[in-house]
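Nothing in this text is a laboratory measurement; each read-out follows from the coordinates by a stated rule. All figures in this text were calculated on a predicted structure; none of them were measured in a lab. Ideal geometry is used to build each Cβ from the backbone, glycine not excepted, and the neighbour counts take in all protein chains shown.
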Amino acid sequence: GDSVTQMEGPVTLSEEAFLTINCTYTATGYPSLFWYVQYPGEGLQLLLKATKADDKGSNKGFEATYRKETTSFHLEKGSVQVSDSAVYFCALSEKTGANNLFFGTGTRLTVIP
Amino acid sequence: NAGVMQNPRHLVRRRGQEARLRCSPMKGHSHVYWYRQLPEEGLKFMVYLQKENIIDESGMPKERFSAEFPKEGPSILRIQQVVRGDSAAYFCASSPPLPGPNSGANVLTFGAGSRLTVL
């Protein structure tokens, strides 16, 4: 079945450091891939997405490239800020509709000044 | 511009009691989804509802769990006779009824979650 394996946290970085959060997936077809972010006290928000191989999703300085050959969708940011401290969830969807979203366990990122 | 409102944010129950979690969708959204996050696991889909209709409950445990989304008022996830294994964060999300591939996933708005602790 479909599944998402996400880098375990927590991750602590200094401001302006480079961030990578690994995400790999298992799917029978060609899923769409997502990164969601949950800031403290808030709901999950869609951060970026990619719907086919080699697509790059980007938003707020974050990027992730859909790599079919390695079944990966790693999240990267060149220079993190304190305001990026949050929990990040990788997710996939093979079919139409949010009732088919599969999430990873989440990675907590803390950025220190 | 209220988003998805969930309450209570934290709920403590003793084994055997009932838990009721409420979710008010975003204005204009008619579809509601419930997800559960057990400790050390990812969010897992439970149930998908429209007003007065359950569309997909394939992720709901067969016993003790029920969900509704009445014509008026919030969606409610009800857990009867709670056990310690029900302790989790329960997330609600809503979306408008848009057509197209992955339209639901693209336009989901999540609430901040309700954390249930069973003593």
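How would you classify segment A:38-113 from its alpha-carbon gyration tensor, with a ≥ b ≥ c the square roots of the eigenvalues: rounded for a/c under 1.5, else prolate if a/b is greater than b/c, otherwise oblate? Could you put the intermediate results ahead of the total?
Numbers: a/c = 2.24, a/b = 1.39, b/c = 1.61.
Taking the square roots of the gyration eigenvalues as a ≥ b ≥ c, segment A:38-113 is oblate.
Among DSSP beta bridges whose residues both lie in chain A, state the antiparallel percentage, nearest 5. Present the calculation step by step, with values, prior to reporting the outcome.
Details: 35 of 39 bridges.
Here the antiparallel bridges make up roughly 90 percent for chain A.
For a quick size check, give me the Cα extents of the protein assembly as shown along its three principal axes, largest first, whole Å.
Cα extents, longest axis first: 47, 39, 37 Å.
Past the 26 Å Cα-Cα mark, which pairs from A:Lys49/A:Lys77; B:Lys27/B:Lys62; A:Lys68/B:Lys27; A:Lys56/B:Lys27?
Values: A:Lys49/A:Lys77 15 Å; B:Lys27/B:Lys62 31 Å; A:Lys68/B:Lys27 37 Å; A:Lys56/B:Lys27 31 Å.
Too far apart for the 26 Å limit: B:Lys27/B:Lys62; A:Lys68/B:Lys27; A:Lys56/B:Lys27.
Could you list which residues have their amide H under 5 Å from that of A:Gly106, counting only those 5 or more apart in sequence or on another chain, with H placed in the peptide plane?
When sequence neighbours closer than 5 places are left aside, the close amide H contacts are A:Cys90.
With each pseudo-label sitting 7 Å past Cα toward Cβ, what's the B:Gln17-B:Glu72 distance in nm, one decimal?
2.9 nm
³J(HN,Hα) across segment B:47-61 via Karplus (A = 6.51, B = -1.76, C = 1.60, θ = phi - 60°), whole Hz, x for Gly/Pro?
7, 10, 10, 10, 3, 6, 9, 9, 8, 8, 10, 5, x, 7, x
At 222 nm, what value in deg cm²/dmol follows for the protein assembly as shown if DSSP H runs of at least 4 each add -39500 (n - 2.57) and the sum is divided by all its residues, to the nearest 500? Present the calculation step by step, with values, prior to reporting the outcome.
On the way: 1 runs with 4 residues, N = 232.
Roughly 0 deg cm²/dmol at 222 nm, from the helical runs in the protein assembly as shown.
Would you pull out the residues with amide H under 5 Å of A:Asp55's amide H, same chain only if 5 or more places away, H placed 1.01 Å from N?
Under 5 Å from the amide H of A:Asp55 lie the amide H atoms of A:Tyr66, each far enough along the sequence or on another chain.
Tell me, what HN-Hα J-couplings in whole Hz come from the Karplus equation 6.51 cos²θ - 1.76 cosθ + 1.60 at θ = phi - 60° for each residue of segment A:75-87, using x for Gly and Pro?
Once θ is set to phi - 60°, the couplings for segment A:75-87 become 8, 9, 8, x, 8, 7, 10, 4, 5, 7, 4, 5, 9 Hz.
Could you derive backbone 3J(HN,Hα) for segment B:8-14 from the dihedral phi with the Karplus parameters 6.51, -1.76 and 1.60 (θ = phi - 60°), listing whole Hz in sequence and x where the residue is Gly or Pro?
So the J values, rounded to whole Hz, are x, 6, 9, 9, 10, 9, 8.
Separation of segment B:28-71 and segment A:1-21 by C-alpha centroid, Å?
Cα centres, segment B:28-71 to segment A:1-21: 28 Å.
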